[in-house]
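Peer 1: Can you keep this structure in mind? I'll have questions shortly.
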Amino acid sequence: MLCFWRGAALDFLPDASSKDAEKELSKAVKLDPSLVDAWNALGNLFWKKGDLKGSKGCFLQALQQKKNAVSLRCLSMILRATKAESPQERWGFSRVICGCAMLFTHTHTHTLSLSLTLSLSQTHKHTTHNTLTHLHTLTHLHTPRTQREGEEKRREEGKREKRRKARKQDEEKKRRRDDFRLDLVNESVTKAKEAVGLEAKDSESWYVLGNAYTTLFFCSNNDHVNLQRALKAYNMAVTHQARKFCGKS
């Protein structure tokens with residue numbers, strides 16, 4: 001418990017080192033994994049560092065020990081802050097990286113062999129150049145005009161087809177990203193509603209629920225039902241906050 005209070009104090013102080021706070025809080029949860037407050041404090045510390053994955057793991061650990069509104073509220077906010085990148089996109093990105101690496105290796109090998117060939121034929125440079133020029137001229141002259149036009153037309157059609165496929169792939173990626181984003185926001189709303197269910201008079205939980213519904217409004221084709229729910233949640237947050245200041249239960 002002493003490690004938790006020391007870590008929480010270090011995290012609160014503006015001039016303290018976050019590494020020292022992380023060290024103390026990590027030690028606290030290691031010594032006593034049932035410390036929900038320590039898990040939440042460590043999650044907030046990771047969150048401030050930008051480590052959303054580590055922060056989410058801490059709040060989930062806290063919920064495994066005890067279901068509490070603080071962890072649920074924080075999870076709701078983290079889910080909405082998570083980048084909308086589906087597992088399929090991450091796998092696709094990995095495939096692109098591997099493909100680029102293979103292409104680089106192949107290109108490097110081909111370039112090396114081409115350099116060796118050019119070095120060996122350096123003495124016949126001008127002769128080879130003149131020969132290739134004459135061959136190109138003769139081929140162009142003996143190729144019928146209709147055949148050349150047909151080849152140009154096929155090349156243009158190929159380019160248009162590539163552009164069409166690229167647009168289709170971009171649209172599919174955007175659709176998957178939007179669907180994944182919507183799933184995250186829906187889960188965020190669920191966590192916020194659970195927090196309100198645990199502490200119905202907590203103004204902060206109502207405020208987080210209002211933010212979750214507002215985000216869902218913009219992610220679900222501007223469904224005004226979600227906007228009305230957000231306004232209701234904000235009104236509840238203001239009401240309970242005012243009662244708190246007035247000393248009313």
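Peer 1: Distances over 16 Å make up what percent of all Cα-Cα pairs in the range 1-66?
Peer 2: 36
Peer 1: Let me check I've understood the local charge: for Leu42, count other residues with C-beta under 14 angstrom from its C-beta, Lys and Arg +1, Asp and Glu -1. What total comes out? It would help to have the intermediate numbers written out before the result.
Peer 2: Numbers: positive: Arg6, Lys19, Lys23, Lys27, Lys30, Lys48, Lys49, Lys53, Lys56; negative: Asp11, Asp20, Glu22, Glu24, Asp32, Asp37, Asp51.
With Lys, Arg at +1 and Asp, Glu at -1, the net is +2.
Peer 1: If you rank Leu2, Leu75, Leu10, Leu198 by fewest surrounding Cβ atoms within 10 Å, what's the result? Could the numbers behind the result be given before it?
Peer 2: On the way: Leu2 10, Leu75 25, Leu10 20, Leu198 15.
Fewest to most other Cβ atoms nearby, the residues stand as Leu2, Leu198, Leu10, Leu75.
Peer 1: Take the cross-link list Lys49/Lys191; Lys66/Lys201; Lys49/Lys83; Lys56/Lys232; Lys193/Lys244; Lys27/Lys67 and give me the ones stretching past 26 Å between alpha-carbons.
Peer 2: Lys56/Lys232
Peer 1: What is the gain in length, in nm to one decimal, between Lys244 and Arg163 on full extension, counting 0.36 nm per residue of separation less the C-alpha to C-alpha distance? All intermediate terms of the calculation are to be shown ahead of the outcome.
Peer 2: Working: separation 81, 0.36 × 81 = 29.16 nm, distance 6.02 nm.
So the chain would gain 23.1 nm between Lys244 and Arg163.
Coordinate-derived values only; no laboratory data. A quick note: this is a predicted structure, and the numbers were derived from the prediction, not measured. Ideal geometry is used to build each Cβ from the backbone, glycine not excepted, and the neighbour counts take in all protein chains shown.
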